[in-house]
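The values are calculated or read from the model by the stated rules, or taken from the named source; none is laboratory data. Note that the structure is predicted; figures quoted are calculated from it, not measured. Please note: Cβ atoms are built from the backbone with ideal geometry, for glycine as well, and neighbour counts cover all protein chains shown.
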Amino acid sequence: MKRLLLILIILFMGCDGGDYTIYDQTPPQVIIVEVPVEVPVEVIVEVPVKVPVPGDGGDVWIDSFEQPYTMDGIDIIWLIDRSGSMNSHAGSVITGIEAMINALPSGGWRLGIATSSRMASIQAADFPLVPGDTVQDAWDAYNNLSNYGHEAGFDSLMAYMDYNTYNPTWLRPDAGLLVVFVSDEEEQSNYYLNTVQEFINWYGSLRNSVFLASIVNLPPDESACPHPPSPMYVGDRYIEATNYFGGVVVDICSPDWAPGVQAATSQVDPHEEWELTYTPIEDTIIVFVDFIEFIDWTYNSATNSVEFNVVPPEGSLVEIGYVIDYSQGDDDDSAGN
C-alpha cells in the first residue's frame with residue numbers, strides 16, 4: 001500500500017468591496033490523508049504444465065495409470081457391432097474372446113456378449129460365459145445375437161447396464177467391470193449419451209474399478225487394413241473414451257487381436273510393474289504416487305519396465321516421468337500408451 005501525501009492549501013480570499021480589500025488571516029492548513037491504492041504484486045503460483053511430447057519439440061515423457069481397486073471378480077461385456085460389414089470379422093471376434101478367456105484367472109469372471117443396438121441390449125436375456133465354458137459356447141452366444149445395423153455403442157451399453165431387467169441377475173456391483181467395444185464404424189449414440197464426455201462421466205461412476213478396450217478402425221495412416229478406412233469410419237469416439245480410462249485400442253484389421261486383448265485383460269490386476277512407452281535415460285526416471293515421490297522401484301532394461309518393490313496402493317495415481325533416450329531408436333513416430 002502506497003501512501004499518497006495530499007496537500008490541501010486552503011486560501012480564503014475576500015471579495016472586492018469599494019476601495020478596500022479584506023484578507024482572511026487563517027494560515028494555510030496541511031492535511032495528511034491515507035488513500036488506498038492497488039499496486040501490482042508479483043505472485044509465484046505453481047500450476048500444472050503439460051510436458052511436451054516427441055514431435056512437439058520436447059524429450060520428456062510421463063506414463064501414468066491408476067492402480068485398480070481390490071475387486072470381487074470381474075464382469076466383462078463384449079459389445080459388438082453386428083451390422084453386415086462386420087461379418088468378415090466374426091472369426092476374429094471369437095478368437096479374441098478365446099484369447100481373453102485363456103488370459104483370465106481360473107475363476108471369478110463372467111463374460112456377457114451384446115450388440116451395439118440400444119433396443120437389443122434392453123431386451124437381452126442371455127446368461128454370460130463363465131469359467132469352464134468353451135469356444136463353442138462363445139460361438140453359440142455370438143450366433144444368438146441378432147443382426148442390427150446400429151453402431152450406438154455408448155447408448156447400447158447404458159441400456160444393457162441400466163435398463164435391462166435380466167442382467168442384474170448376473171452383473172455384480174462389487175466386481176470390476178471391463179467393456180470391450182468392437183466396431184468397424186464410428187460410435188453414433190444420440191439417445192442417452194450424446195457426447196464422449198457424457199459417456200465418460202456415466203461409465204466412470206458405475207463402479208470403483210472400470211476398464212475399457214476398443215477394437216476399431218484406426219486412422220488411415222495407422223491402419224493395418226488392406227484398404228485404409230475412410231475417416232468417417234474411424235472409431236474416434238471409442239478411442240477417445242478408451243484413452244481416457246487408460247485402456248487398450250486394437251486395430252480391427254490386425255491379423256492377431258490376442259496381444260491387445262490380453263493387454264486389456266491385464267488391466268484388471270494390480271500393477272506390479274509398468275512397461276514404459278519409450279526407452280528412458282535411466283538416471284532421469286522419477287516415480288510419483290499420488291503426487292508424492294515414490295522410491296520403492298527398480299528399472300528393468302530388458303523389459304523396459306519399472307518394477308515396484310512395494311506395490312502402489314489401490315486407487316492411487318502412479319506417474320512415471322523420464323527423458324527419452326533417442327539413441328536407443330525411439331523417434332517422433334513412436335506410439336504412446
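Of all residues being more than 25 Å from the chain's Cα centre (by Cα) and over 21 Å from Gly153 (Cβ atoms) in the range 102-127, which is surrounded by the fewest Cβ atoms within 10 Å (Cβ to Cβ)? Just the residue, please.
My answer is Ser106.
Which condition number does Ala264 fail, the rest of (1) out of contact with any Leu (no Cβ under 9 Å at 6 or more places or on another chain); (2) outside any strand (DSSP E or B) being met?
Ala264 satisfies all of (1) out of contact with any Leu (no Cβ under 9 Å at 6 or more places or on another chain); (2) outside any strand (DSSP E or B) except (1).
Just to be sure before I move on: is Ala159 modelled with pLDDT under 95, of a type outside the set (Lys, Arg) and surrounded by 14 or more Cβ atoms within 10 Å (Cβ to Cβ) in the structure I sent? Break it down into steps so the answer makes sense when it comes.
Numbers: modelled with pLDDT under 95: no; of a type outside the set (Lys, Arg): yes; surrounded by 14 or more Cβ atoms within 10 Å (Cβ to Cβ): yes.
So Ala159 does not fit the description; no.
Among the residues in the range 129-146, are any on the phi < 0 side of the Ramachandran plot, of a type in the set (Ser, Thr, Tyr) and touching a residue at least 24 places away in the same chain (Cβ under 8 Å)?
Within the range 129-146, the subset on the phi < 0 side of the Ramachandran plot is 129-131, 133-146.
Now drop any that are not of a type in the set (Ser, Thr, Tyr), which leaves 134, 142, 146.
Filter again for touching a residue at least 24 places away in the same chain (Cβ under 8 Å), leaving 142, 146.
Yes, there is a match, as at least one residue in the range 129-146 is on the phi < 0 side of the Ramachandran plot, of a type in the set (Ser, Thr, Tyr) and touching a residue at least 24 places away in the same chain (Cβ under 8 Å).
Just to be sure before I move on: is Leu212 touching a Lys or Arg at 6+ places or on another chain (Cβ under 7 Å) and assigned to a strand (DSSP E or B) in the structure I sent?
On the way: touching a Lys or Arg at 6+ places or on another chain (Cβ under 7 Å): no; assigned to a strand (DSSP E or B): yes.
Judged against the criteria, Leu212 is not a match.
Every residue, every condition in (1) among the polar types (S, T, N, Q); (2) assigned to a loop (DSSP other than H, G, I, E, B); (3) touching a Gly at 6+ places or on another chain (Cβ under 9 Å); (4) within 26 Å of Val250 (Cα to Cα), yes or no:
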site	(1), (2), (3), (4)
Phe127	no, yes, yes, no
Gln136	yes, no, no, yes
Ser146	yes, yes, no, yes
Leu157	no, no, no, yes
Asp162	no, no, no, no
Leu171	no, yes, yes, yes
Asp184	no, yes, yes, yes
Leu193	no, yes, no, yes
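In the range 142-156, what residues are closer than 25 Å to Ile200 by Cβ and not aromatic (Phe, Trp, Tyr)?
Filtering the range 142-156 down to residues closer than 25 Å to Ile200 by Cβ leaves 148, 150-156.
Hits for the range 142-156 are His150, Glu151, Ala152, Gly153, Asp155, Ser156.
If a residue has to be without any contact (Cβ under 8 Å) to a residue 12 or more places away in the chain and of a type outside the set (D, E, K, R) to count, how many in the range 284-315 make the cut?
So the first thing to find is which residues in the range 284-315 are without any contact (Cβ under 8 Å) to a residue 12 or more places away in the chain, and the list is 292-293, 295, 298, 302.
Applying the additional criterion that residues be of a type outside the set (D, E, K, R) yields 292, 295, 298, 302.
Number of matching residues: 4.
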